[in-house]
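*Asks:* The structure follows.
The values are calculated or read from the model by the stated rules, or taken from the named source; none is laboratory data. Just so you know, these numbers come straight off a predicted model, no measurement behind them. Cβ coordinates were reconstructed from backbone atoms using ideal geometry, including for glycine residues, and neighbour counts include every protein chain displayed.
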Amino acid sequence: MADWLEKLEKARLENKKDFTIESIETSYKELDEALGLGGIPRGKIIEVAGAPGVGKSAIILDIIAKAQEKELNVLYLDLDRGFNREFASLRYVKCEDLLIFRPDASNPKNISLAISEMIKKNLVDIIVFDSISQLGEGIPFILQELSRDIVGTKVSVILASQLRHNFDDPRDYKTPYMQVLNQYSNIRMMIKKLESIKHGEVLIGRKIEINIYKNEMFYPKTCDIDIYF
């Protein structure tokens with residue numbers, strides 16, 4: 001049944017002549033294929049969710065590095081105040097070309113106005129929120145404004161989202177403002193650690209599962225990738 005649906009969706013997209021969306025590679029062939037577009041789409045909102053330390057930052061930095069290869073301008077909102085230049089450089093990010101912004105998360109209107117102005121002036125191609133949860137009650141306002149501002153542009157928005165335990169059900173995880181994120185995100189992916197990758201006794205990476213459970217441009221799909229430190 002799943003294979004039949006997959007073939008039907010592929011045929012639908014191939015026959016849709018106006019279906020042309022530019023994409024940015026993620027650095028992971030399996031993920032690019034699972035997204036169905038050869039990477040993350042431009043002009044859309046993408047949520048990358050996962051528990052702390054699972055690999056969200058590494059994947060986002062790898063996407064930034066690929067974007068910089070295309071000479072695209074990246075605005076990085078360091079809301080967690082945790083941006084690591086050394087780690088970013090190791091993942092081939094040109095930190096000197098990165099627009100790092102550490103705004104006051106308690107004032108979402110000012111953040112939105114600043115971003116909107118940059119979009120209007122074509123100063124930015126990718127906007128990264130790390131992490132969106134730091135905006136708290138400002139999330140709905142920010143996403144509503146962003147979804148409007150990027151219409152008709154090629155500006156991609158990447159939302160790093162932290163998973164939280166659902167204490168009513170320890171097997172369940174939730175992200176802050178799930179309904180709002182589901183409303184405005186065109187792609188939502190959940191990252192889960194599968195196993196560590198070691199060279200002898202030295203940890204050199206990890207195998208992760210990426211569940212793309214919402215994709216407005218393709219169909220939901222899951223893939224496994226290896227991330228090396």
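*Asks:* Test residue 127 against the stated conditions and say whether it is of a type in the set (A, V, I, L, M, F, W, C), closer than 19 Å to residue 44 by Cα, in contact (Cβ under 8 Å) with a residue 24 or more places away in the chain and in a helix (DSSP H, G or I). Show your work before the answer.
*Replies:* Values: of a type in the set (A, V, I, L, M, F, W, C): yes; closer than 19 Å to residue 44 by Cα: yes; in contact (Cβ under 8 Å) with a residue 24 or more places away in the chain: yes; in a helix (DSSP H, G or I): no.
The answer is no for residue 127.
*Asks:* Taking the condition of a type in the set (Asp, Glu) and not in a loop (DSSP other than H, G, I, E, B), does residue 137 pass?
*Replies:* Details: of a type in the set (Asp, Glu): yes; not in a loop (DSSP other than H, G, I, E, B): yes.
Judged against the criteria, residue 137 is a match.
*Asks:* Another question about this same structure. Of all residues in segment 54-76, how many are in contact (Cβ under 8 Å) with a residue 60 or more places away in the chain, within 14 Å of residue 31 (Cβ to Cβ) and not in a loop (DSSP other than H, G, I, E, B)?
*Replies:* The qualifying residues number 5.
*Asks:* A further question follows. Name the residues in segment 191-208 that are in a strand (DSSP E or B) and of a type outside the set (A, V, I, L, M), would you? Working first, answer last.
*Replies:* Within segment 191-208, the subset in a strand (DSSP E or B) is 191-199, 202-208.
Correct list: 192, 193, 195, 196, 198, 199, 205, 206, 207.
*Asks:* Here's something else I'd like to know. Give 191, 212, 204, 208 a once-over and let me know the one that is of a type in the set (Val, Ile, Thr), over 17 Å from residue 39 (Cβ atoms) and either buried (at least 16 other Cβ atoms within 10 Å of the Cβ) or modelled with pLDDT of 95 or more (or both).
*Replies:* Numbers: 191 fails: over 17 Å from residue 39 (Cβ atoms); 212 fails: over 17 Å from residue 39 (Cβ atoms); 204 fails: either buried (at least 16 other Cβ atoms within 10 Å of the Cβ) or modelled with pLDDT of 95 or more (or both).
The unique qualifying residue is 208.
*Asks:* Restricting attention to segment 65-90, and to residues there that are in contact with a helix residue (DSSP H, G or I) (Cβ under 8 Å, 6 or more places away or on another chain) and buried (at least 21 other Cβ atoms within 10 Å of the Cβ), which single residue is farthest from residue 139 (Cα to Cα)?
*Replies:* 88
*Asks:* Taking segment 146-167, which residues are in contact with a Lys or Arg (Cβ under 9 Å, 6 or more places away or on another chain), farther than 21 Å from residue 82 by Cβ and touching a residue at least 24 places away in the same chain (Cβ under 8 Å)?
*Replies:* 149, 150, 153, 154, 155, 156
*Asks:* Of all residues in segment 131-146, which are at pLDDT 95 or above and under 15 Å from the mean Cα position of the chain (by Cα)?
*Replies:* 143, 146 - these are the residues of segment 131-146 that are at pLDDT 95 or above and under 15 Å from the mean Cα position of the chain (by Cα).
*Asks:* Filtering segment 128-155 down to residues that are in contact with a Leu (Cβ under 9 Å, 6 or more places away or on another chain) and among the hydroxyl-bearing types (Ser, Thr, Tyr), which residue is farthest from residue 64 (Cα to Cα)?
*Replies:* Residue satisfying both the conditions and the ranking: 133.
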